[in-house]
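Visitor: One structure is given below, represented as structure tokens, and several questions about it will come after.
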Amino acid sequence: MDNNQLIAYFSMEIALRPEIPTYSGGLGILAGDTLRSAADLGLPLMAVTLLHRKGYFYQHLDAAGWQTEEPVEWVVEDFLTELPGRVAVTIEGREVQLRVWQYLVEGVKGDSVPVCLLDADLPENGEWDRRLTHYLYGGDPHYRLCQEIILGIGGVRALRMLGHDTLERFHMNEGHAALLAVELLNEQAAAAGRPVFNAEDLKTVREMCVFTTHTPVPAGQDQFPWDMALRVIGQNGVAEMHELSCCDRTGCSNMLNMTFLALNMSHYINGVAKKHAEVSRHMFAEYHIEAITNGVHAPTWVSPPFQRLFDVHIPGWREDNFSLRYALSIAPQEIWKAHAENKLRLIDRINRETNAGFDTGTFTVGFARRAATYKRADLLLHDIEKLKAIAAERGKLQIVYAGKAHPQDRPGKEFVQRIFQAQASLKPEIKMAYLVNYDWELGQLMTAGVDLWLNTPQPPMEASGTSGMKAAMNGVPSLSILDGWWIEGCIDGVTGWPIGVHSPETADRTPADAASLYRRLGETIVPLFYGDRSGFIEVMRSAIALNGSFFNTQRMVLQYVSNAYYG
């Protein structure tokens, strides 16, 4: 590993490749796409995460649709290289040894971004400590806090061990890595021969730190009881840390709040969409919060048929994602042919796995994301008789769902079960399938292979959302609630369609949103698909040209460079 990197990117989860299960969903996919674009651009950036030997989990659904989980097994040595040396962190007074594995993210021009994956599974550690880097989002808050010590404090120490002494920026992708700022403060104090850090150290470290928040509600903040923090982290420096994790407006609580620690220790803070930044400014009124809207990595999420199409008509699109705007010049029949290939692949997967009897001629709606209740995956099923009437009067429908609930999220599991069981109520008028174990590869199939991408979150809970961006890269338009990125990406009838209107976000808007969804489907989208195919393809083409060319991580990373890293 060379020592020319100037930017260190920390994330609890990073999707490096489909075979490495070190991610759970959108946050990890975004982190991986960020690194892939950084490599494409040749940026002097490196990343730090945990190894997650047991991954997130492998999902099973029984005959009643109830989710169970099992660990994901993967062979670390098949994909990663162990680096020499060890670092240690102190947890509950014990010294926990860490080793570092490396993965190189390769860019389209041959540059690479090194990723350090921290691993506590060493014989010199106790049995419980060895499991600290096994499970992503596994265990209880105690387990999570131990992991955050490894990520933040252990991550900085690992970089120093590897010779990275000239890093200029430390980017925290969410608050999980906030303890890195404390380690940087301690480094400053030690270099000056002082036992504790001072105001000058705070100023220096703030200039080094960047924080991206993905949390649009207070309940999503990462925080731990103060007595637990004292026990796990230890007494040294904890009083100062408590003050650094306080909110100026509400004061200090009996919690160690990682979000406020990151906010207080960063010179640049951003939300992940314009609306999300607005929501964050209301939540954190005393902080200056910018907006850098998320994106997706075009070479990863553009499907093979569209890659071949773009190679012919838009050469150089991988290096210059903005050039995807020239998709407007691609003949409609070529767009449709590429889409038909994607749809056939998806339908084949659905029928092989579920025996649902899907066919390629039927209008297909897709919904796939983490099974959290605020995502409202069941909004489409709010009035099943109304949905059946649309299929009977306007044109046939088939629906494919996917998504995992967190193992400890019982309401999320009940959500999955209700959707799974709705299949029987929809028959025979509408075919529906629920695909298990939603992951990177299934995400590629679904976002490229459906005719319409559906997104129905409860505003303002969707910080950004990126699945609709992936769909747009493949000419699949969205029907979505106006929240997150879709407020910026939706041009009604051009790039897709909105559900509902801007309304008070505290109201129970589900009945009105469901009515809007059915109205859009029945009066506009399904008739357009069956009755005006050229008009539907024009929306597909515009989704690529207008949204694919902008909502990508190449644009996003360039904004981080100019605004956050060197602005």
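The values are calculated or read from the model by the stated rules, or taken from the named source; none is laboratory data. The structure displayed is predicted, hence computed values, not measured ones. Note that we place each Cβ from the backbone using ideal geometry, even for glycine, and neighbour counts take in every protein chain shown. Calculation scope for accessible area: heavy atoms of the full protein, side chains included, ligands and nucleic acids excluded. Shrake-Rupley method; radii C 1.70, N 1.55, O 1.52, S 1.80 Å.
Visitor: In degrees from 0 to 90, rounded to the nearest 10, what is the angle of the helix 274-283 Cα long axis to the longest principal axis of the chain?
Guide: Value to nearest ten degrees: 50.
Visitor: Antiparallel DSSP bridges in the chain: what percent, to the nearest 5?
Guide: Numbers: 24 of 67 bridges.
Bridges in the chain are about 35 percent antiparallel.
Visitor: What do the square roots of 5 times the Cα gyration tensor eigenvalues come to for region 66-179, in whole Å, largest first, as semi-axes of the equivalent ellipsoid?
Guide: Details: eigenvalues 109, 75, 49 Å².
One finds semi-axes of 23, 19, 16 Å for region 66-179.
Visitor: Related question: Can you give the alpha-carbon Rg of region 419-531 over 2.2 N^0.38 Å, where N counts its residues? Kindly include the intermediate steps, with their values, before the conclusion.
Guide: On the way: Rg = 14.6 Å, N = 113, 2.2 N^0.38 = 13.3 Å.
Here the answer is 1.10, to two decimals.
Visitor: May I pose another question? Please report, in debye to the nearest 20, how large the charge dipole of the chain is about its Cα centre when each Lys and Arg carries +1 at its beta carbon and each Asp and Glu carries -1 there.
Guide: On the way: 51 positive and 67 negative charges, 264 e Å.
That gives the chain a dipole magnitude of about 1260 debye.
Visitor: Something else about it: Can you spot the lysines whose alpha carbon is less than 16 Å from Lys203's alpha carbon? Ignore those fewer than 8 places along the same chain.
Guide: Answer for Lys203, where 16 Å is the Cα cut-off: none of the lysines qualify.
Visitor: Note down the Stokes-Einstein diffusion coefficient of region 1-78 in µm²/s, whole number, using a Kirkwood radius over alpha carbon pairs, 20 °C, and 1.002 mPa s.
Guide: Working: Rh = 14.2 Å.
Translational diffusion coefficient: 151 µm²/s.
Visitor: Using the scaling law 2.2 N^0.38 Å as the reference, what is the normalised Cα Rg of region 403-460? Show your work: numbers first, answer last.
Guide: On the way: Rg = 13.1 Å, N = 58, 2.2 N^0.38 = 10.3 Å.
Rounded to two decimals, the normalised Rg is 1.28.
Visitor: Tell me the relative contact order for region 100-240 as a rounded percent, counting alpha carbon contacts under 8 Å between residues six or more apart. Write down the numbers at each step before the final one.
Guide: Working: 133 pairs, mean separation 25.6, N = 141.
About 18 percent, as a whole number.
Visitor: If I fit a long axis through the Cα atoms of helix 384-393 and take the longest principal axis of the Cα atoms of the chain, what angle between them do I get, 0 to 90°, rounded to 10?
Guide: 40 degrees
Visitor: Which three extents, in whole angstrom, do the alpha-carbon atoms of region 255-305 cover along their principal axes, largest first?
Guide: 50, 22, 20
Visitor: Using a 1.4 Å probe over the heavy atoms of the protein chains, calculate the carbon and sulfur portion of the accessible area of the chain as a whole percent. Provide the component values of the computation, followed by the final result.
Guide: Working: 10560 of 20790 Å².
Using a 1.4 Å probe with all protein chains present, the chain comes out at 51 percent carbon and sulfur.
Visitor: Please compute the volume of the convex hull spanned by the alpha-carbon atoms of region 161-233 and report it per residue in Å³.
Guide: Details: hull volume 9.7 nm³, N = 73.
Per residue, the Cα convex hull of region 161-233 comes to 133 Å³.
Visitor: Taking the alpha-carbon distance from Lys431 and a cut-off under 19 Å, which lysines remain once sequence neighbours fewer than 8 residues away in the same chain are dropped?
Guide: Output for Lys431: Lys343, Lys386, Lys388, Lys396.
Visitor: A follow-up question, please. Output the Kirkwood hydrodynamic radius of region 94-157, Cα pairs only, in Å rounded to one decimal. Display every interim value, and only then the final one.
Guide: Working: mean 1/r = 0.0770 Å⁻¹.
Computed over Cα pairs of region 94-157, the Kirkwood hydrodynamic radius comes out at 13.0 Å.
Visitor: Scan around Tyr9 for amide H atoms under 5 Å from its own, H built in the peptide plane at 1.01 Å from N, and keep only partners 5 or more places away or cross-chain.
Guide: Those lying under 5 Å, H to H, from Tyr9 are Met46, Ala47, Val48, His171.
Visitor: Please list log₁₀ I(q)/I(0) at q = 0.20 Å⁻¹ for region 70-117, using the Debye equation with identical point scatterers on the alpha-carbon positions.
Guide: Taking Cα atoms of region 70-117 as identical point scatterers yields -0.84.
Visitor: Here is a follow-up. Name the lysines eligible as straight-distance cross-link partners of Lys375: C-alpha to C-alpha under 16 Å, and not fewer than 8 places from it in the same chain.
Guide: Qualifying lysines at Cα under 16 Å: Lys404, Lys413.
Visitor: Tell me the per residue accessible area of the chain using a 1.4 Å probe; a whole number in Å² is fine.
Guide: Details: 20790 Å² over 567 residues.
Accessible surface, normalised per residue, equals 37 Å².
Visitor: Could you tell me how far the Cα centroid of region 530-567 sits from the Cα centroid of region 277-292, in Å?
Guide: 24 Å
Visitor: Next question, about the same structure. Compute log10 of I(q)/I(0) for region 130-200 with the Debye formula, placing one identical point scatterer on every Cα and leaving out solvent, at q = 0.17 Å⁻¹, to two decimals.
Guide: The calculated log intensity ratios at q = 0.17 Å⁻¹ are -0.71.
Visitor: If you wrap region 269-400's Cα atoms in a convex hull and average its projection over all directions, what's the area in nm²?
Guide: Values: hull surface 47.8 nm².
Taking the Cα atoms of region 269-400, their convex hull projects to 11.9 nm² on average.
Visitor: For Tyr58, which sequence-distant residues (separation of 5 or more, or a different chain) have an amide H within less than 5 Å of its own amide H, given hydrogens modelled in the peptide plane?
Guide: Under 5 Å from the amide H of Tyr58: Glu70, Val72.
Visitor: Report, in whole Å, the centroid distance computed from the Cα atoms of region 338-400 and region 1-70.
Guide: Using only Cα atoms to place each centre, the spacing works out to 28 Å.
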